[in-house]
Number of protein chains: 2
Amino acid sequence: MAEPGMGESGGDNAVATGPRTPALGVLVSGRGSNLRAILDAIARGDLRARAGIVISSRAGVPALEIAAARGIPTRVIAPRDYPSRAAEGAAVVAALSEAGVDLVVLAGYARIFDPCVVRAFPYRILNIHPSLLPAFAGGMAPKPQADALAAGVKLSGCTVHFVTDEVDAGPIIAQVAVPVLDDDTVERLAERILAAEHTLLPEAIRRVLEGHPRVTGRRVLFDHR
Amino acid sequence: MAEPGMGESGGDNAVATGPRTPALGVLVSGRGSNLRAILDAIARGDLRARAGIVISSRAGVPALEIAAARGIPTRVIAPRDYPSRAAEGAAVVAALSEAGVDLVVLAGYARIFDPCVVRAFPYRILNIHPSLLPAFAGGMAPKPQADALAAGVKLSGCTVHFVTDEVDAGPIIAQVAVPVLDDDTVERLAERILAAEHTLLPEAIRRVLEGHPRVTGRRVLFDHR
């Protein structure tokens, strides 16, 4: 296991060895660049957490290789292997629970959860969306980026939010803006937004783990002590 | 006339004295802080333009005093003095045309135009809106700011766009983001957005006057030569 901080993981010995290192469950579907950004932030010491499990909705994707190369347990939970979305969701909940996950992070996960997953981890699931929500909600990449480009906005960006039963409408944790340039294509804009995601997502995880977030109305407020 | 650059205004002598200084028509309804920002940008030499006329939809507002103090012609065109919005709009068009206005700027103007005004100045009317459009369109301040706060976004901002017949939906010229802070009130957020408007609006006017904007689909593209 190459995870820094793992040695601190105290379990029942938490009092003796300091607070237990929070375990993340990271859900992926593709190239895993946001997973890599999270693992790099942990390795740099910018994020006090460990990756407890990486779950992919697709077999054979690069994200699984990234996880395996760093000694992180992986699982493939693919829709076609389950008779219903509820059964698929139950498998996800079981895998996350068995791994002792404290916080679930959707890092390019191309599935919409069955409500049972959201109920199992209330305000403990984070998603990153490639737009400044509430603008350009809905749809998987590259649609939000294409929609932003077509709408003529001069700023787009990305949003980390808690996952609720409403798609792309959960309380917002963090946002960052990126410029839309006159000579942008969808691909160029998507790459620029993705680069911003790589900074925003680990930072948002850190805020949630350390900032005691509370949801008031639609706002997420943090401790600033 | 205290307007710097006014002396450069060549009229028929444009060839001899350099390009004619573009004339702005600025429409206001209140305190005139964006009008002041435009005039200050002109005075600093950051914006090569002159204010040809300031039109207010309300008598006795501070914006009119700001204009008068700088020797700019002013007019009050108040809704109650006209039998219809079309008649009010026709009076606005006449006043702008008589003043030889090249570009119309709505700077906190609390009226929605009759279509005749938009037709008279196609893609020559700019508005500033206190949100990152398309998010929180519609309504006069402080509603967009209050809506952004209630929605829990972590970034809001302001947008300069061309005025079309669709309210707050014209092609976007420029945007800037501002943070929404945990301890914000509507008033604090509105003040922070307004401070950003004071920089964005003169800059957007400059881009329109100098950048040869062209509208492609919903996008506004500029010359970068």
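The values are calculated or read from the model by the stated rules, or taken from the named source; none is laboratory data. A quick note: this is a predicted structure, and the numbers were derived from the prediction, not measured. Quick reminder, even Gly has a Cβ in these numbers, built from the backbone with ideal geometry, and neighbours come from all protein chains shown. Note: areas computed on protein heavy atoms with side chains; ligands, DNA, RNA excluded. Shrake-Rupley method; radii C 1.70, N 1.55, O 1.52, S 1.80 Å.
Yes/no per residue for (1) out of contact with any helix residue (DSSP H, G or I) (no Cβ under 9 Å at 6 or more places or on another chain); (2) at pLDDT 95 or above; (3) closer than 30 Å to residue A:211 by Cα:
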residue	(1), (2), (3)
B:152	yes, yes, yes
B:156	no, yes, yes
B:160	no, yes, no
B:165	no, no, no
B:171	yes, yes, no
B:179	no, yes, yes
B:182	yes, yes, yes
B:190	no, yes, yes
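Take the range B:36-61 and flag every residue that is open to solvent by 20 Å² or more (accessible area, probe 1.4 Å) and either more than 11 Å from residue B:76 (Cα to Cα) or touching a strand residue (DSSP E or B) at 6+ places or on another chain (Cβ under 8 Å) (or both). Steps first, please.
Our first condition is that a residue be open to solvent by 20 Å² or more (accessible area, probe 1.4 Å); within the range B:36-61, this holds for B:36, B:40, B:43-46, B:48, B:50, B:58-60.
Those that are open to solvent by 20 Å² or more (accessible area, probe 1.4 Å) and either more than 11 Å from residue B:76 (Cα to Cα) or touching a strand residue (DSSP E or B) at 6+ places or on another chain (Cβ under 8 Å) (or both): B:36, B:40, B:43, B:44, B:45, B:46, B:48, B:50, B:58, B:59.
Scan the range B:192-201 and tell me whether some residue there is at positive phi and without any contact (Cβ under 8 Å) to a residue 60 or more places away in the chain. Break it down stepwise before answering.
Step one: filter the range B:192-201 for residues at positive phi, giving none.
Taking every residue of the range B:192-201 in turn, none turns out to be at positive phi and without any contact (Cβ under 8 Å) to a residue 60 or more places away in the chain.
Six or more apart or on different chains, Cβ under 6 Å: which pairs go from a residue in the range A:76-91 that's among the β-branched types (Val, Ile, Thr) to one that's in a helix (DSSP H, G or I)? Could you list them?
What qualifies is A:77/A:91; A:77/A:92.
Condition test on residue A:142, is it within 12 Å of chain B (Cβ to nearest Cβ), open to solvent by 10 Å² or more (accessible area, probe 1.4 Å) and not charged (D, E, K, R)?
Values: within 12 Å of chain B (Cβ to nearest Cβ): no; open to solvent by 10 Å² or more (accessible area, probe 1.4 Å): yes; not charged (D, E, K, R): yes.
Judged against the criteria, residue A:142 is not a match.
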